[in-house]
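Novice: Okay, here's the structure, questions in a sec.
The values are calculated or read from the model by the stated rules, or taken from the named source; none is laboratory data. Source: prediction; values computed, not measured. All Cβ positions, even for glycine, are placed from backbone atoms using ideal geometry, and neighbour counts span all protein chains on display. What goes into the accessible areas is simple: the full protein's heavy atoms, side chains included, and nothing from ligands, DNA or RNA. Shrake-Rupley method; radii C 1.70, N 1.55, O 1.52, S 1.80 Å.
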Amino acid sequence: MSISFTSSIISRLKRDIAEIDRQIVQNKSKAAKINAKIKQLQKDKPDGSSPADQSKLTQIKKLSAKADQLTESQTDLAKQLSVKNAELRLQLAKGK
């Protein structure tokens, strides 16, 4: 392969890695906000007897599901990041 071809692959991988890093940071921020909201709702200790308590419990369940989705997304992003970093190391080794 030519040096310019390898350089373009390296540049693309670096951009991909930066994008995955950005997504990881965004997901961590979203997860922190969701967990704070869940804690705030749980602080009131709804017992489920009133309609307002039922609403809080439903909201907690929805937020917990969203937090679980973010956790799964973080796992997927971490795998992608690992693969991209491995590809980058391989390309850097080829470029030498």
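Novice: Please state the charge dipole magnitude for the chain, taken about the Cα centre, from unit charges on C-beta atoms (+1 on K and R, -1 on D and E), reported in debye and rounded to the nearest 20.
Specialist: Details: 20 positive and 10 negative charges, 59 e Å.
Its charge dipole is roughly 280 debye.
Novice: Over the chain, what percent of the accessible surface lies on carbon and sulfur atoms, probe 1.4 Å?
Specialist: In the chain, the share of accessible area belonging to carbon and sulfur is 55 percent.
Novice: Also: What is the sum of charges around LYS39, taking Lys and Arg as +1, Asp and Glu as -1, for the other residues whose C-beta is under 13 Å from the C-beta of LYS39?
Specialist: Summing Lys and Arg as +1 and Asp and Glu as -1 gives +4.
Novice: With a ≥ b ≥ c taken as the square roots of the eigenvalues of the C-alpha gyration tensor of the chain, please select rounded if a/c is under 1.5 and otherwise prolate if a/b is larger than b/c or oblate if it is not?
Specialist: In terms of gyration-tensor shape, prolate.
Novice: For the chain, find the longest principal axis of its Cα atoms and tell me its angle to the long axis of helix 51-95, 0 to 90°, nearest 10.
Specialist: Roughly 10 degrees, rounded to the nearest 10.
Novice: If the cut-off is a Cα-Cα distance under 17 Å, which aspartates and glutamates reach LYS84, setting aside same-chain residues fewer than 8 apart in sequence?
Specialist: Candidates past the 8-residue exclusion: ASP16, GLU19, ASP21, ASP76.
Novice: Something else now. With every protein chain left in place, what is the accessible area per residue of the chain in square angstrom, probe 1.4 Å?
Specialist: Normalised by residue count, the accessible surface of the chain is 73 Å².
Novice: Mind checking which aspartates and glutamates have their Cα closer than 17 Å to the Cα of LYS37? Skip sequence neighbours fewer than 8 apart in that chain.
Specialist: Cross-link targets: ASP53, ASP68.
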